[in-house]
């Protein structure tokens, strides 16, 4: 998702009518479903957790829809097309990460929480300080992730529609922001979940179609596809080996390790993913939904291999780079190529379909993020910290809706003015904060008897501050040509991903904060949490 | 209804019920069965993934070795990461379905039945079950 666009995707502007028609149809259909879902919302359980009435399969689809962002769809296909093996290497961390969620987090969280991640973190602790910390880190992670999606959406949709100039890009960001706020405020969790399910089906169907067409061109011979991609890449066998993107220097290798650790440990700490486990009735259904998600996401990343290598072989790196330097248009260009090539009707239709799928992908992900962060604001910060538990359920839901509008407005403004931000770095940062601030606290809370309020605060604030500060003092912000401020140099941390330092630090601080504090953990509270989290007794 | 963890006063099981259950043999067996499976498996798959990352970084020669046609060791190891992820998810779910769920359900039924039994003993009106 990084880099600058140079030209509109070739041919895109000729078929703008078709693409806009498909975009419009998706928006109208999903808004109608959102209104329908919104009418069924009666209480906070409905608004925050979709009435806990979704099945494991439905939630698995919705999790996939929430997780597979445009960065995965277009970014990974583009990274494979341009860097070969390293693009594939990058995608694997996103899948393996789900095992942490499956084995350690999904079921206990479903059993012991109610609406937000903080419900679990604050369970055994002093409510107000821990909720403040967990609410803050939820909102920070979500805003980083949201910002990445908004900045990407603006550039991307403008590119797919062939809109030139700053004004068009800004209108796209405003439009995406308004639609996502409508999904969330009107439909709540139920509406948003349906949007994510529809998006996941469209994304898988679109990807499958292109995959079949690509493999068919190579006689279903993967080796032939790889060979043609390597030849067309101009890099020969090196293209099929690790190293073109992450193996350039010792530092870039270390940076990749840092990224890999953040990806694998970050997923199970992403608040918008965690709240999805509350939409099913039981821990068993939560387990099923993660299994479906692993199957769907895994199949999707396997297909991106065909997309990425197919784009390299059939479109070629020169044309991809000419369209978008970061390779984000590799998948749409490939769709056009396998549909019959530029100028053909088949090519135009497939290009339009894949562009519309990318658009649906962005909308569903930003809606999920807005919902999770506004829910945390209303439930954790407003109802429990500011109003000290005296807010009525109605007031809480109203606050959540107002917060969604505010978060939407903030992300529109940031999305418009922060267009120079490196979106890949923002996504990596969101994962790093989730792995450094949220995951240690979740695991200690669930499994460590002695863990205390100080431990929770040290690990959340320590993980949050260290990951954000390390990025501030990294080459992402200053000191290199690709930095946000290329003319200044205050970078002393060499890696662009902070995970390698901040994640161990988050775990260390959680332990240290616990052992140095005078307070003792309440064994009765731990007994309650442990028994409930493993058995589901008294679950909401 | 506003504080997130279930309000203890509203929930029939008295606070010490959880401590009692936690100390019991059934719960001990459930915890051992869960932790004994999930913890080593987590360490294992993270180590296997990090090994893959390190090989990709520092063992270019090995990773570039041809297996068949244009398919090299790196590609096969990448696909193996997919296979092990699917496999571990399947293994855990099988274990959970066979060993964890029945134990968890029995303990849950025991906890949620306690208030009713206590009430019956006192011949007072039965308390509510607990689960929402």
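The values are calculated or read from the model by the stated rules, or taken from the named source; none is laboratory data. Only a predicted model underlies this, so the values are computations on that prediction, with no experimental measurement involved. A quick note on method: Cβ atoms are made from the backbone with ideal geometry, for glycine too, and the neighbour counts reach across all protein chains shown.
Inside segment A:475-503, can you point out the residues that are more than 18 Å from residue A:249 (Cα to Cα) and assigned to a helix (DSSP H, G or I)? Those that are more than 18 Å from residue A:249 (Cα to Cα) and assigned to a helix (DSSP H, G or I): A:499, A:501, A:502, A:503.
Identify, by number, the condition in (1) in a helix (DSSP H, G or I); (2) within 30 Å of residue A:112 (Cβ to Cβ) that residue A:409 doesn't meet. Tallying (1) in a helix (DSSP H, G or I); (2) within 30 Å of residue A:112 (Cβ to Cβ), residue A:409 fails exactly one: (2). Among the residues of segment A:516-540, the ones that are more than 7 Å from chain B (Cβ to nearest Cβ) and without any contact (Cβ under 8 Å) to a residue 12 or more places away in the chain come to 1 in all. Assessment of segment A:57-64 against the conditions (on the phi < 0 side of the Ramachandran plot and at pLDDT below 95) yields no matching residue. Looking at this structure, is residue A:400 within 14 Å of chain B (Cβ to nearest Cβ), farther than 20 Å from residue A:82 by Cβ and assigned to a loop (DSSP other than H, G, I, E, B)? Here the answer is no, as residue A:400 does not meet what is asked. Checking every residue in segment A:240-250 against the condition of being crowded, with 24+ Cβ neighbours inside 10 Å, part of a helix (DSSP H, G or I) and within 14 Å of chain B (Cβ to nearest Cβ) gives at least one match.
The test for being buried (at least 19 other Cβ atoms within 10 Å of the Cβ) and on the phi < 0 side of the Ramachandran plot does not hold for residue A:418.
Criterion first (in a helix (DSSP H, G or I) and either in contact with a helix residue (DSSP H, G or I) (Cβ under 8 Å, 6 or more places away or on another chain) or facing another protein chain (nearest Cβ under 7 Å) (or both)) does residue A:223 satisfy it? Judged against the criteria, residue A:223 is a match. If you go through segment A:416-437 and keep only what is assigned to a helix (DSSP H, G or I) and at pLDDT below 90, you end up with A:416, A:417, A:423, A:424, A:425, A:426, A:427, A:428, A:429.
Among the numbered conditions (1) assigned to a helix (DSSP H, G or I); (2) modelled with pLDDT under 85; (3) out of contact with any strand residue (DSSP E or B) (no Cβ under 8 Å at 6 or more places or on another chain), the only one that residue A:163 does not meet is (1). Would you check if residue A:370 is in a helix (DSSP H, G or I) and closer than 30 Å to residue A:397 by Cα? When the stated conditions are applied, residue A:370 passes them. Determine whether residue A:413 is at pLDDT below 95 and buried (at least 24 other Cβ atoms within 10 Å of the Cβ). The answer is no for residue A:413. Would you say residue A:261 is surrounded by 23 or more Cβ atoms within 10 Å (Cβ to Cβ), within 23 Å of residue A:247 (Cα to Cα) and in contact with a helix residue (DSSP H, G or I) (Cβ under 8 Å, 6 or more places away or on another chain)? Against the criterion (surrounded by 23 or more Cβ atoms within 10 Å (Cβ to Cβ), within 23 Å of residue A:247 (Cα to Cα) and in contact with a helix residue (DSSP H, G or I) (Cβ under 8 Å, 6 or more places away or on another chain)), residue A:261 qualifies.
Among A:269, A:316, A:295, A:310, which is away from chain B (no Cβ under 12 Å), out of contact with any strand residue (DSSP E or B) (no Cβ under 7 Å at 6 or more places or on another chain) and surrounded by fewer than 22 Cβ atoms within 10 Å (Cβ to Cβ)?
Numbers: A:269 fails: surrounded by fewer than 22 Cβ atoms within 10 Å (Cβ to Cβ); A:295 fails: away from chain B (no Cβ under 12 Å); A:310 fails: surrounded by fewer than 22 Cβ atoms within 10 Å (Cβ to Cβ).
Going through A:269, A:316, A:295, A:310 in turn, the sole match is A:316.
Looking at segment A:368-375, can you tell me whether even one residue there is within 14 Å of chain B (Cβ to nearest Cβ) and touching a residue at least 40 places away in the same chain (Cβ under 8 Å)? Yes - at least one qualifying residue is present in segment A:368-375.
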